[in-house]
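Undergrad: Here it is, the structure in full.
The values are calculated or read from the model by the stated rules, or taken from the named source; none is laboratory data. Please read all numbers here as calculations on a predicted model, not as lab measurements. We place every Cβ from the backbone using ideal geometry, glycine too, and count neighbours over all the protein chains shown. These area figures cover heavy atoms from the full protein model, side chains too; ligands, DNA and RNA do not enter into them. Shrake-Rupley method; radii C 1.70, N 1.55, O 1.52, S 1.80 Å.
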Amino acid sequence: MTEDLIIAGFGGQGVMSMGQMLAYAGLSEDKNVLWMPAYGPETRGGFANCTVIVSDEEIGSPVVSHPKAVIVLNLPSLDKFEDAVVPGGVLVVNTSLVNREPKRTDIDIVHVPASDIANEIGSSRAANMVALGAFLAHKPIISIEAVKNTLKKVFAAKPQVIPLNEKALDRGAEAARVQAAV
Amino acid sequence: MSEKKLMKGNEAIGEAAITAGCRHFFGYPITPQSELPAYLSKRMPQVEGVFLQAESEVSAINMVYGAAASGVRVMTSSSSPGVSLKQEGISYLASSELPSVVCNIMRAGPGLGTIQPSQSDYFQAVKGGGHGDYHCLVLAPNSVQEIVDLVRLAFDLADHYKNPAMILIDGVLGQMMEPVDFGNYKPTFVEKPWAANGCKDRKPNAITSIHIDPKDMEQHNLRLQKKYALISEKEQRSEEWMMEDADIMVASYGMTSRIVKSAIRKAREEGIKVGLFRPITLWPFPEKKLDENINRVKEILVVELSAGQMIEDIKLVNNGRLPVSFHGRMGGMTPSVEDIYDEIKKIHDRLTVKA
């Protein structure tokens with residue numbers, strides 16, 4: 001089974017680190033993983049996206065034009081990637097910064113006010129982890145536990161940020177579950 | 001728990017060089033390879049090595065000449081426009097038979113071009129680039145793990161044949177992260193009695209690429225050509241994937257070969273008999289294995305991030321036997337899995353009509 005997703009937002013939202021976290025977590029579950037940044041002359045505030053592939057098989061193309069999932073953290077990212085999601089796929093939308101409804105009706109849409117939740121628990125910088133939690137609750141390609149274990153390793157030198165990130169994952173997951181139950 | 005590390009291709013080149021015993025790096029920043037000098041600027045001091053950011057690519061390649069002449073393992077890296085600047089030095093390294101490793105993390109040209117991925121320096125890498133009749137060994141990995149394996153091999157081959165070796169990858173492979181296992185590798189060092197590293201109690205060694213008398217220069221060339229023939233005989237490497245029963249052979253190298261693999265999987269799901277032939281050494285070109293495969297298939301498709309460069313070497317080996325078609329993107333664009341699948345499907349339909 002191969003799962004691929006694109007994560008997009010503006011530079012500074014933690015798009016790249018969120019993708020790397022997912023790849024690290026996949027590696028800890030002995031999966032084949034690949035993380036690829038869209039690299040360009042971009043800066044903080046500019047456009048940022050990365051591709052993550054998690055698979056039980058050998059990973060082929062690092063270039064994914066129609067991913068099974070897309071996580072968008074801002075409106076330009078929704079405009080750019082909404083059409084790319086494969087039919088039947090998942091689109092996670094950070095509704096705090098996206099003021100329109102997605103048009104697609106052939107995919108699962110997960111609404112999560114990621115930036116609002118992040119602010120509520122202490123820092124807007126955790127919005128990426130809220131969105132990741134929401135995605136993984138909807139589609140557990142990797143367990144949230146594996147991501148939490150990865151957080152502990154990646155932030156070994158900055159342990160004070162671990163609880164916030166863990167909380168962000170849980171709150172995102174909770175938001176997705178509440179939505180699914182409605 | 002896995003022992004594997006998640007690393008960018010560029011960083012993996014740096015760590016692989018360190019594990020191969022390279023303690024000298026001279027470079028100059030350029031996107032998309034700057035993570036490599038950045039990584040080595042941290043790592044080299046930790047292993048008592050030398051990291052030096054030169055004032056230009058020309059300086060860096062000549063520092064490589066000096067270090068290689070003293071007998072140490074040495075590397076430089078750049079991206080396309082910077083590698084163009086290094087060409088004079090590479091020709092000198094080849095003529096002086098100095099073992100060294102040069103990395104090109106290709107971006108799109110010509111000119112300053114753009115920083116997005118490309119494979120349009122194939123001609124430059126395998127057909128010379130600099131002046132004179134010479135060859136670099138050219139290795140083209142297609143994953144971060146293979147980068148590690150081939151960087152180590154590049155140092156070994158460079159020492160063994162006293163020749164510059166080049167690692168040729170595109171910007172995406174340099175930028176992307178994959179798990180790598182460095183294993184328990186220990187480098188093997190060869191004696192270098194020719195090195196200019198102090199001549200107490202022995203005659204001085206001279207390392208030069210100038211042989212003014214044409215008779216001497218021809219003899220020097222003949223010796224080099226003999227070496228290249230030996231390398232070509234012994235060092236061809238390639239991968240064949242799903243080729244056993246294939247009617248269609250797709251030839252592709254580096255990162256592009258992975259997009260091809262995904263397209264082949266998709267075509268195989270529909271019963272299309274198609275496989276991949278992937279050159280791992282671009283020079284020496286894997287002529288022997290390619291020839292065997294051409295005898296078994298019906299058509300060839302070549303996919304590159306260029307206007308069509310490796311296709312010339314495919315055609316030389318094919319020698320008019322089979323139809324050869326081409327799909328390429330330029331300017332930093334990459335083909336999608338679907339694009340390549342469509343090309344395979346077209347060939348399949350043509351072969352079906354013929355049958």
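Undergrad: Less than 18 Å from a label point 7 Å out along the Cα-to-Cβ axis of B:ALA229: which backbone N atoms in region B:263-288 qualify, by residue?
TA: Within reach of a label on B:ALA229, which here means backbone N under 18 Å from a point 7 Å along Cα→Cβ, region B:263-288 contributes B:284-285, B:287-288.
Undergrad: Roughly what % antiparallel, to the nearest 5, for the DSSP beta bridges in the protein assembly as shown?
TA: Beta bridges within the protein assembly as shown, antiparallel portion: roughly 40 percent.
Undergrad: Along the Cα-to-Cβ line of A:PHE155, 7 Å from the Cα, sits a label point; which residues in region A:6-28 have backbone N less than 13 Å from it?
TA: A:18, A:21
Undergrad: Follow-up question, since we're still on this one. Between B:GLU3 and A:GLU58, what's the calculated FRET efficiency when r is the beta-carbon distance and R0 is 25 Å? Round to 0.05.
TA: It comes to 0.85.
Undergrad: Whole angstrom only: what separates the Cα centroid of region B:123-168 from the Cα centroid of region B:18-69?
TA: After rounding, the separation between the Cα centres reads 17 Å.
Undergrad: Would you mind telling me the antiparallel percentage of the DSSP bridges in chain A, rounded to 5?
TA: Working: 15 of 28 bridges.
Bridges in chain A that DSSP calls antiparallel: roughly 55 percent.
Undergrad: Continuing with the same structure: In region B:1-99, which GluC sites (Glu not before Pro) are in a loop and have at most 11 other Cβ atoms within 10 Å, using DSSP for the loop call?
TA: B:GLU3, B:GLU48, B:GLU55
Undergrad: Report the charge-dipole magnitude of region B:239-354 in Debye, nearest 20, computed about the Cα centre from +1 at each Lys and Arg Cβ and -1 at each Asp and Glu Cβ.
TA: Using Cβ point charges on Lys, Arg, Asp and Glu, region B:239-354 gives about 100 debye.
Undergrad: How many partner chain Cβ atoms sit within 10 Å of a residue's Cβ in peptide A:60-70, on average, as a whole number? List each step's numbers first, then the result.
TA: Working: counts 11, 15, 13, 12, 4, 6, 3, 0, 0, 0, 0.
Taking all residues of A:60-70 together, the mean is 6.
Undergrad: For region B:162-267, which trypsin sites (Lys or Arg not before Pro) are both in a DSSP coil and crowded by at most 14 other Cβ atoms within 10 Å? Kindly include the intermediate steps, with their values, before the conclusion.
TA: Numbers: sites: B:LYS162, B:LYS200, B:ARG202, B:LYS215, B:ARG223, B:LYS226, B:LYS227, B:LYS234, B:ARG237, B:ARG258, B:LYS261, B:ARG265, B:LYS266; in loops: B:LYS162, B:LYS200, B:ARG202, B:ARG237.
Counting only loop positions with at most 14 other Cβ atoms within 10 Å, the trypsin sites (Lys or Arg not before Pro) in region B:162-267 are B:LYS200, B:ARG202.
Undergrad: Return the long-range amide H neighbours of B:GLU239 (sequence gap of 5 or more, or a different chain), with a cut-off of under 5 Å between placed amide H atoms.
TA: B:ARG278, B:ILE280
Undergrad: For the protein assembly as shown, what does the alpha-carbon gyration tensor say about shape, rounded, prolate or oblate, given a ≥ b ≥ c as the root eigenvalues, a/c under 1.5 as rounded, and a/b over b/c as prolate?
TA: oblate
Undergrad: Now for a separate question. Can you compute the modelled spin-label distance between B:ASN319 and B:ARG350, with each label point 7 Å from Cα toward Cβ, in nm?
TA: Result for the modelled spin labels: 2.3 nm.
Undergrad: Just to check I understand the Karplus step: with θ = phi - 60° and J = 6.51 cos²θ - 1.76 cosθ + 1.60, what whole-Hz values come out for region A:155-166, glycine and proline as x?
TA: With the stated coefficients, region A:155-166 comes to 9, 4, 7, 10, x, 5, 8, 5, x, 4, 5, 5 Hz.
Undergrad: Here's a follow-up. Suppose the chain between A:VAL86 and A:MET1 were pulled fully straight at 0.36 nm per residue; how much longer would it get relative to their current alpha carbon spacing?
TA: Length gained, A:VAL86 through A:MET1: 29.0 nm.
Undergrad: So, one more: Mind checking B:113-121 for the average number of partner chain beta-carbons within 10 Å of each residue's beta-carbon?
TA: Neighbouring Cβ atoms belonging to other protein chains average 1 per residue here.
Undergrad: Heavy-atom accessible area of B:ARG321 with all protein chains present, probe 1.4 Å, nearest 10 Å²?
TA: Roll a 1.4 Å probe over it and B:ARG321 shows about 100 Å².
Undergrad: Write out the GluC sites (Glu not before Pro) in region A:19-116 meeting two conditions: DSSP loop, and at most 13 other Cβ atoms within 10 Å of their Cβ.
TA: Sites meeting the loop and neighbour criteria: A:GLU57, A:GLU58.
Undergrad: With all protein chains present, calculate the accessible area of A:SER28 using a 1.4 Å probe and round the result to the nearest 10 Å².
TA: Surface open to solvent at A:SER28 totals about 30 Å².
Undergrad: Tell me the label-point distance for the pair A:ARG177, B:PHE123, using the 7 Å Cα-to-Cβ offset, in nm and rounded to one decimal.
TA: 6.1 nm
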